[in-house]
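See below for the structure under consideration.
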Amino acid sequence: MRLLLVEDDAILGPRLRQDLRTAGYAVDLVDNGIDAQFQGEEEAYDAVILDLGLPGRPGLEVLQNWRKAGSALPVIVLTARDAWHERVDGLKAGADDYLGKPFHQEELLARLDALLRRAQERSEPQLAVAGLTLDEERQCVKLADGETIELTGTEFRLLRYMMINPGKLLSKSRITEHVYEGDSDRDSNVIEAYIKRLRQKLGKSLIETRRGQGYIFGGEA
Amino acid sequence: MNSLSQRLHIGLGLSLVLLMALIGWLIYDQNQRMIDDLVVSRLEHDGEGLLAALQFDADGKATLAEGSLSAIYQQPLSGHYFLLLTEKGEVLRSRSLWDVELSGNRLTTGEQRVDRITGPAEQPLILWAGGYHKANQNVTIMVAEDISQLQQRLLENAMLLLALTVIFLFLILFIQRHIVRSSFAPLRQLGQEIEQLERGDIDQLTEAVPLEVQPLVVEVNRLLMVMGQRLDRSRNALGNLAHALKGPLNLLTQLADHSETPETLRQELQQHTTVLQQQIEHELSRARLAGAGSAGQRFNPAEELPALIKVLERIYHDKNIKFDYHAPQQNLNNIDRHDLLELLGNLLDNAAKWTKTRVHCSIEQTDVIHIVVEDDGAGVTEEELAALTQRGHRVDESLPGHGLGLAIVKEIVELYNGTLQFDASLELGGLRVQVSLSPDQ
């Protein structure tokens, strides 16, 4: 899943990006309000982590602009301004969650997970589709027979995205958008290669290829 | 009571009564004089007629010429009387007088007198008397007339005048009441606007008011603006300070969390950053408080409570708490939105922290604002309750886990002259916190 991280602190931003990557997300980092608004409008993110005290344009204004444009992008606001009235105002401006600084990394990850599950309308804590159970914490997958298979970072992101959207036709470009960061090499052949590796690990029948259109995970729903 | 309209009524009423009394007395007095003059001139006339009719025969005996007297003097007690006294002691009196004396005084020639006397049958009379010289004799002629009827008429006129005066007085006061009421209408509107101001429906008073109160209104508006700006500025500055302090603190927290940091250092870092964070949080929250009578935004329960509950649901996303509330639809009077959100946020956060499934919140506004927050958690023991309720007790030290939130709650309650009570919730079984705020005191 691909996140937009908007944080102007030169130390905290990259560190947070690293933590989020480790947790299995593709992360684009932006350090000002104007770029943030543009990225949020143009790119297909699954969620945004938004600092409010931004140079260029205040975070709350960026958020309001997204909402005015009709975007339902899940947004966690991350800010030092965490008086109760600021949290309420943040929520009214369209934030889905509000986390005050300083925060613990686990807290952010837990809230992010809860937010994504809400956005995908999943209630069960673990992702389980077509006999597979994804362990998001350890980034591995359990087969129906109980065998646990380790996954690389990209494999994990790809499999998670497909498991979230079972039975849907997923084009290569859509998969690329949600699995890779904005500045990475987006050669669609790479996706093909990863699909191939997932099939080797999990069995051929799980992912069906629609030539010229894309892939369907777990058979048609 | 110091009422401008009452003062105006009393002032106008008194001056009108004085003025009308003066005019009434003048009219009465003038009428009286006019009647007297009229009667006297008529009596004088009759007196001169009597003098002309007076004859002396060869013996010097006085008689009145026949037919020269008006019939009115012949009827007994008719109210018209005369009496003639000659030098030789003869007395000629009208038949109407029977044998009553009018006055025994003789006048010298040329002398004239007017008197008020009481005549026969207690009639009030005006008596005119003149001294004359005729046929070598000094004669005193007295003519009198009953004025009781005239006086009665005069009195009736005076009463009529008085009645009219009283009616006019009430009419004028009635009209003035309307004038005063309509002149004070802008003031009443101002009063309504001040109520709206307290509820936060408006943030400035209308300056289109009468000249006399305009400077006051302009000054109030200026103060409101200055206070509002000052509050905004200080809250902004505090926000910036929070941002500036918490950035580095956040990095320290992350460092303390980081697996690469040695365990001993991690623990120490965590300890220090926690203390730092609590101190910063507490002092910033305190500094942000506006207090009663501030110029900030007002709190609308129907708008703010659902948002606040949503914030809490996000924080406690893994607990699935059922929040319900009961609150008025309109703005709460005279209480700052930020302050009340801080209060409710902390109380509800605390309840959410300790509850199992349910948190209930109710807000009521009468003379005071009454807030109840209860949960279905384990509650607190009797000892803890006692410690919490104790006056001047530092809440944060007494109850680990109930944290700094209650300390700031206490500060807010004090700012609004309120009370804070803890006991067991009858309905839900957990802790019940009752707050009442009196922002108007």
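Read the figures in this text as sums done on the coordinates, not as results from a lab. None of these values were measured; they are calculated from a predicted model. Using ideal geometry, Cβ is built from the backbone for each residue, glycine included, and neighbour counts are taken over all protein chains shown.
Structure above, values below:
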| read-out | value |
| --- | --- |
| Extension gain, residue B:366 back to residue B:329 (0.36 nm per residue minus Cα-Cα distance, nm) | 12.0 nm |
| In Å, descending, principal axis extents of the Cα set of chain B | 166, 45, 33 |
| Computed [θ] at 222 nm, helices only, for the protein assembly as shown once each DSSP H run of length n ≥ 4 contributes -39500 (n - 2.57) | -16500 deg cm²/dmol |
| Stretch gain in nm, segment residue B:266-residue B:164, where the contour uses 0.36 nm per residue and the Cα spacing is subtracted | 26.7 nm |
| Neighbour net charge for residue B:327 - beta-carbon separation under 12 angstrom, K R +1, D E -1 | -4 |
| Under 22 Å, Cα to Cα: Lys pairs in chain B, sequence gap 8 or more or different chains | 12 |
| Cα centroid separation - the range B:184-244 against the range B:336-352, whole Å | 25 |
| J(HN,Hα) series, the range A:163-178, from Karplus relation 6.51 cos²θ - 1.76 cosθ + 1.60, nearest Hz, glycine and proline x | 5, 6, 10, x, x, 9, 7, 10, 6, 4, 5, 5, 4, 4, 4, 8 |
| Cα lying deepest toward the dipole's positive end in the protein assembly as shown, options B:416, A:80, A:23, charges on Cβ | A:23 |
| Residue A:133 versus residue B:19: modelled label distance in nm, points set 7 Å from Cα along the beta carbon direction | 10.1 |
| For the range A:1-45, the spread of Cα positions along each principal axis, largest first, Å | 26, 24, 6 |
| Label-to-label distance, nm, for residues given as residue B:71 and residue A:205 (7 Å Cα→Cβ offset) | 15.2 |
| 9 Å beta-carbon shell around residue B:124, net charge (K/R +1, D/E -1) | -1 |
| Tail fraction, Cα-Cα pairs, the protein assembly as shown, threshold 36 Å, whole percent | 63 |
| Positive-end residue of B:169, B:249, B:320, charge dipole of chain B with Cβ unit charges | B:169 |
| Zone residues, the range B:202-229, relative to residue B:196, backbone N less than 14 Å from point 7 Å out along Cα-to-Cβ | B:202-209 |
| Interatomic Cα distance distribution for the range A:2-119, bins of 10 angstrom, percent | 14, 53, 31, 1 |
| Three-way shape label, the range B:4-151, alpha-carbon gyration tensor, a/c 1.5 | prolate |
| With eigenvalues of the C-alpha gyration tensor scaled by 5 and rooted, the range A:127-217, Å | 21, 15, 11 |
| FRET efficiency for residue B:3 and residue B:204, using Cβ-Cβ distance with R0 set to 25 Å, rounded to 0.05 | 0.35 |
| Positive dipole terminus of chain B, leading residue within B:25, B:117, B:67 (C-beta point charges) | B:67 |
| Mean separation of Cα contacts under 8 Å (6+ apart) over length of chain B, as relative contact order % | 9 |
| GNM result for chain B, Cα springs below 10 Å: residue of B:379, B:110, B:130 fluctuating most strongly | B:110 |
| Cβ charges +1 (Lys, Arg) and -1 (Asp, Glu), total dipole of the protein assembly as shown, debye | 1160 |
| Size of charge dipole - the range A:125-219 - debye, nearest 20, with Cβ of Lys, Arg +1 and Asp, Glu -1, no other charges | 460 |
| Local net charge near residue B:88, Cβ-Cβ under 11 Å (Lys/Arg +1, Asp/Glu -1) | -2 |
| GluC sites (Glu not before Pro) lying in DSSP loop within the range A:73-127, provided at most 14 other Cβ fall within 10 Å | A:121 |
| Largest to smallest principal axis extent of the C-alpha atoms in the range B:200-288, angstrom | 75, 19, 16 |
| Distant-in-sequence amide H partners of residue B:134 (H built 1.01 Å from N, under 5 Å) | B:139 |
| Hydrodynamic radius of chain A per Kirkwood, over alpha carbon pairs, in Å | 18.2 |
| Note, ³J(HN,Hα) from phi for the range A:103-111, Karplus 6.51, -1.76, 1.60, rounded to Hz, x at Gly and Pro | 10, 8, 4, 4, 4, 4, 5, 5, 5 |
| Point-charge dipole on Cβ atoms (K/R +1, D/E -1) for the range A:2-119, about Cα centre, debye to 20 | 280 |
